[in-house]
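Structure below; questions to follow.
The values are calculated or read from the model by the stated rules, or taken from the named source; none is laboratory data. Keep in mind the model is a prediction, meaning the values are calculated, not measured. Ideal geometry is used to build each Cβ from the backbone, glycine not excepted, and the neighbour counts take in all protein chains shown.
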Amino acid sequence: MNEILNRSLCKTYANFFPIGAAVCPKVIKSHRELLLKHFNTVSCENHMKFINIHPEEKKWDFSPADEIVDFAVANRMKVRGHTLIWHNQVPNWVFLDNKGNEVNRDVLLDRMEEHITIMMQRYKKQVYCWDVVNEAAEDKGADIFRQSKWYKIIGPDFIERAFEFARKADPDAILFYNDYNCTAPEKSKKIYNIAKRLKDHGNLIDGIGMQGHWNIYNPSFDRIMDTIDLFSSLGLKIQITELDMSMYLFEDATKEFKQPTDEMIWLQQERFEGIFKIFRDYRDIITGVTFWGVADDYTWLDNFPVKGRKDWPLLFDIQHKPKKAFASVVNFD
Ligand code: HXH
């Protein structure tokens, strides 16, 4: 057992796909040892998002993202770019003129192009793939598209335009559409259609990012496999871009647990074991698996969907020790 717990996650998976973690400048210091031992790719959890890196029209704040990219390069890790065009964490100025009125389609397209081009050209040598558009599909009902500012001002072709700008800015970058709840049947069809359009119109997309914000109860292994089958039928690669395994059902707002129960720990181990078996089986299609965090002491799920509630969704515990789930992920033949 000790030998198993001493293994390196990314070395164990070297013949399958890179293993990543979302980080911020603080985490590359506080979790340095785990990052160097177990991960060979990183994403910026927040610091490449529009609101942080481009908070005002003529103001860019590259330094936190640069710090992460420099860390990755110094340690021979890959970098995933997250994310260029998203409805969330985007500053208001993007959609407003200097009188405070909403801009028109042409102005917004110019701003989109400028943002994508500057980002991708700056990190051309270091960032090998990008989440060009994040979360554009509507969750509920028949509408395909989320009613975002991008959608309302530019129209449904905003996704295509974003991918065109991205292709032009860095023809070598691998371009992803990224979304959550991908395994919900109604939503998977919408995402399929969005990706199919991009594929059919000039081969603008290379892959689909399935975020993988899952929990110890769902989605089922079958739904995960069906979704990978559906997306890959377009000839696209798949990455699991934001994996974590919450101890709570999404609807469950309980705050009663100060630590995970034995049953939670057991279910989490079983689920991690099962999904990594699937990922290995799909090694020809899956080109990366990234966790949305490193260890249970720091996770966005401590504040989502319930603010201030502890969660334990990762493979390393709050003391940075490998959990039972870690053993079942690295121990296979
Ligand atoms: C991801 N969104 C983002 O891609 C990532 O950048 C961020 O750091 C964390 C998670 C997941 C997400 C999607 C929708 C959402 C919340 C999180 O909003 C909901 C609100 C109510 C109900 C369901 C989703």
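May I ask you to say which residue of Asp252, Asp281, Asp262 is within 16 Å of the ligand (Cβ to nearest atom), more than 20 Å from Phe176 (Cα to Cα), at pLDDT 95 or above and more than 18 Å from the chain's Cα centre (by Cα)?
Asp252
Away from the ligand (no atom under 15 Å from the Cβ), within 27 Å of Arg7 (Cβ to Cβ) and touching a residue at least 40 places away in the same chain (Cβ under 8 Å): does that describe His54?
no
Quick one: is Asp106 farther than 22 Å from Ala173 by Cβ and either in contact (Cβ under 8 Å) with a residue 24 or more places away in the chain or away from the ligand (no atom under 16 Å from the Cβ) (or both)?
yes
Now for a separate question. Filter the stretch 1-42 for residues that are at pLDDT below 95 and within 16 Å of the ligand (Cβ to nearest atom) and give the result.
Within the stretch 1-42, no residue meets the criteria.
A follow-up question, please. Of all residues in the stretch 152-182, count the ones that are assigned to a loop (DSSP other than H, G, I, E, B) and closer than 11 Å to Thr117 by Cα.
Total meeting the criteria: 1.
If you don't mind, another one. If a residue counts only when it is touching a Leu at 6+ places or on another chain (Cβ under 6 Å) and surrounded by 23 or more Cβ atoms within 10 Å (Cβ to Cβ), which strands (runs of 3 or more DSSP E) contained entirely in the stretch 187-248 have at least 1 such residues?
In the stretch 187-248, the matching strands (runs of 3 or more DSSP E) lie at 207-210.
If you don't mind, another one. Could you list, in sequence order, the residues of the stretch 121-151 that are at pLDDT below 95 and either outside any loop (DSSP other than H, G, I, E, B) or away from the ligand (no atom under 16 Å from the Cβ) (or both)?
Ala142
Still on this structure, I have one more. Determine if the stretch 312-319 includes at least one residue that is within 16 Å of the ligand (Cβ to nearest atom) and under 20 Å from Leu249 (Cβ atoms).
Within the stretch 312-319, one or more residues are within 16 Å of the ligand (Cβ to nearest atom) and under 20 Å from Leu249 (Cβ atoms).
Sticking with this one: Going through Thr299, Thr290 one at a time, which residue ends up being farther than 22 Å from Phe257 by Cβ, in contact (Cβ under 8 Å) with a residue 40 or more places away in the chain, within 14 Å of the ligand (Cβ to nearest atom) and within 16 Å of the chain's Cα centre (by Cα)?
Thr290
Kindly indicate whether any position in the stretch 13-24 is hydroxyl-bearing (Ser, Thr, Tyr), over 17 Å from the mean Cα position of the chain (by Cα) and within 16 Å of Phe291 (Cα to Cα).
Checked the stretch 13-24: at least one residue is hydroxyl-bearing (Ser, Thr, Tyr), over 17 Å from the mean Cα position of the chain (by Cα) and within 16 Å of Phe291 (Cα to Cα).
Residues to consider are Asp172, Asp179; find the one that is acidic (Asp, Glu) and within 15 Å of the ligand (Cβ to nearest atom).
Asp179
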